[in-house]
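K.L.:
Below are the structure tokens for one structure; questions will follow.
Please treat every number below as a calculation from the coordinates, not as lab data. Being a predicted model, the structure only gives us computed values, none of them experimental. With ideal geometry, Cβ positions are generated from the backbone for all residues, glycine too; neighbour counts draw on all protein chains shown.
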Amino acid sequence: MGWPDGRSAAVVFTIDDVFPGRSTDAYEAGGDLGAGVLGHLERLLDRHPQLHATLFATADWREISPVPSRRILRHVPSVHERGFRARLLPKGTMALDGHPAFISFLRSLPRTDVQLHGLHHVHRGPRVPVEFQEQDRSTCTRMLGEALAIFDRAGLPRPTGMTPPGWNAPDPLLAAMAEVGLGWVASARDIRTPITPGARANMSGQTDVSLTQPDLVGGLVHLPTNFQATSPIERAFAILDGGGLLSIKAHAVKNALGFIALDGLDGVYGNLLDLLFRELDRRYGESLWWTSMERIATSRAAREAGAPPAS
Ligand SMILES: [Zn+2]
């Protein structure tokens, strides 16, 4: 892809699983505002004026445990949600429109956009932290409509794209996304496949898309995820030296009931990112486009339509 304004490569930074959960709840996911995970983001934005952040927020998060907890279920007689193997938060508990201070805080963050990360972030059956699997297109459309309505009521700008929970984006979901006006999807994470020209994503989610370039899938622009806390810095250099998109992932939840996310944004990962961003700036300077998935998708869509790339 030719990057705008003669830039040679691009970098984006995204954080998944953002919702108003506080440390007094099962786990913190942004609800502690500057005293929690978003405080680490604030410091990064403050120290790196070129950095743009994208928060993938769940409209009404209901997951408590990321793994099946039938043993818990047997001892919680009040839980009778058929087929759900995990204990769930009651509907609306974490809905974005019920947490105005959280929304104000998100909106106060500079150079930060909020995009969609599912409606409830749960699914029936053994794979809990996914959402869209066997649903047909009309069910997906209804769920997306419900999620977008929550964003609207919360006073957030309408999302333009989505990372589906668990990177799971079956065809009916992609069709439904296009139907409700979402233009891009980030549904492939691969932090393992070596960086070579033409490398394809082959780890979590979509496996038929470019590992380092925007691509097209189901009529939507696809943006890959190819770097996280555990990735060596040489991987970042290889992506950028090849003219690709360095797509850095973090998760808002570090510790979900003892399940530790390696890329949970804590002080250690924050410091590592601070060093990484400084090194990228030193090494690539003005040739690097610090941008967002949304801007890349807009630029790509304009190019498809024959317009000159926007900066
Ligand atoms: Zn998630």
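K.L.:
Provide Rg and Dmax in Å for the range 121-267, with only Cα atoms included in the calculation.
P.N.:
Calculated on Cα positions, Rg and Dmax stand at 16.1, 44 Å.
K.L.:
Additional query: Treating only the Cβ of Lys, Arg, Asp and Glu as charged (+1, +1, -1, -1), what charge dipole size does the chain show about its Cα centre? Round to the nearest 20 debye.
P.N.:
For the chain, the charge dipole is close to 620 debye.
K.L.:
If you don't mind, there's one more thing I want to ask. Dipole of the chain (Lys/Arg Cβ +1, Asp/Glu Cβ -1, origin at the Cα centre): which of TRP289, CYS140, LEU257 lies farthest to the positive side?
P.N.:
Of the options given, the answer is LEU257.
K.L.:
Here's something else I'd like to know. Could you work out the relative contact order of the chain, using alpha carbon pairs under 8 angstrom and six or more residues apart, expressed as a whole percent?
P.N.:
The value is 23 percent.
K.L.:
Then there is this: Grab the DSSP H runs of the chain that are 4 residues or longer, score each as -39,500 (n - 2.57), total them, divide by all residues and round the 222 nm result to the nearest 500 deg cm²/dmol.
P.N.:
Rounded to the nearest 500, it is -9000 deg cm²/dmol.
K.L.:
Could you tell me what % of all Cα pairs in the chain have separations over 26 Å?
P.N.:
The share of Cα pairs beyond 26 Å in the chain comes to 43 percent.
K.L.:
Please report, in cubic angstrom per residue, the volume enclosed by the convex hull of the alpha-carbon atoms of the range 165-227.
P.N.:
Cα-based convex hull of the range 165-227, divided per residue, equals 70 Å³.
K.L.:
The range 1-16 to the range 266-298: how many Å between their Cα centroids?
P.N.:
Cα centroid to Cα centroid, the span is 10 Å.
K.L.:
Multiplying the sequence separation of ASP208 and SER138 by 0.36 nm and subtracting their Cα-Cα distance, what value in nm do you get?
P.N.:
Residue separation times 0.36 nm, minus the Cα-Cα distance, leaves 22.7 nm.
K.L.:
Oh, and also: Under the 0.36 nm per residue contour assumption, what length would be gained going from the current alpha-carbon distance of LEU275 and ARG192 to full extension?
P.N.:
Extra length from LEU275 to ARG192 when fully extended: 27.7 nm.
K.L.:
Using +1 on the beta carbon of Lys and Arg, -1 on that of Asp and Glu, and nothing else charged, what's the dipole of the range 105-209 about the Cα centre, debye to 20?
P.N.:
Charge dipole, the range 105-209, about its Cα centre: 300 debye, nearest 20.
K.L.:
Within 10 Å, count the other beta carbons around each residue, average over each peptide in 275-282, 116-123, and list them highest first.
P.N.:
116-123, 275-282
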